[in-house]
Amino acid sequence: MSEGALHVTTDTLDATLAGAAGPVLLDFWAPWCGPCKAIAPMIDDLARELAGQATICKVNVEAEPAIAERFGVQALQSLVFLKGGQRVDTLVGRVPKAVLVDRLRSLRD
């Protein structure tokens, strides 16, 4: 069973996206962000539940500012949805798990 969301870096992001099965969710977070900490267990649960159907990744914006810049992230908690490596949607703030599941399932090929 998967351990949860993948932690991606500038060095691993492109390879992760290239090897992704289905849509990708990038969870942009920071250690000081309260809402980010609150949603973290749910993001890991989502990664386990949708293993093989979607790829769920976490991006620490303090450690990886280039990734945040690449995807235009200006606020936290930001959740960026990708399909075919291209951003198709962004949600900001705490979002119910059911909304994330529905969004990811709607993006599957």
Can you give me the number of residues within segment 25-57 that are in contact with a Phe, Trp or Tyr (Cβ under 7 Å, 6 or more places away or on another chain) and modelled with pLDDT of 95 or more? 2
Checking residue 60 against (1) out of contact with any Phe, Trp or Tyr (no Cβ under 8 Å at 6 or more places or on another chain); (2) open to solvent by 10 Å² or more (accessible area, probe 1.4 Å); (3) within 22 Å of residue 94 (Cα to Cα); (4) not hydroxyl-bearing (Ser, Thr, Tyr): exactly one of these is not met. Which one? (1)
Selection count where residues are open to solvent by 30 Å² or more (accessible area, probe 1.4 Å), under 17 Å from residue 37 (Cβ atoms) and among the small types (Gly, Ala, Ser), scope segment 63-82: 2
Looking across segment 11-54 at residues that are β-branched (Val, Ile, Thr) and touching a strand residue (DSSP E or B) at 6+ places or on another chain (Cβ under 7 Å), the single one that is most open to solvent (accessible area, probe 1.4 Å) is 16
Is it true that residue 80 is β-branched (Val, Ile, Thr) and in a loop (DSSP other than H, G, I, E, B)? no
Collect the residues in segment 83-103 that are surrounded by 13 or more Cβ atoms within 10 Å (Cβ to Cβ), of a type outside the set (A, V, I, L, M, F, W, C) and part of a strand (DSSP E or B), keeping them in residue-number order. 83, 87, 89, 90
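The values are calculated or read from the model by the stated rules, or taken from the named source; none is laboratory data. Keep in mind that this is a model prediction, so the values were computed, not measured. Virtual Cβ from ideal backbone geometry, glycine too; neighbours counted across all protein chains shown. Quick note on the areas: whole protein, heavy atoms, side chains included, nothing else; ligands and nucleic acids left out. Shrake-Rupley method; radii C 1.70, N 1.55, O 1.52, S 1.80 Å.
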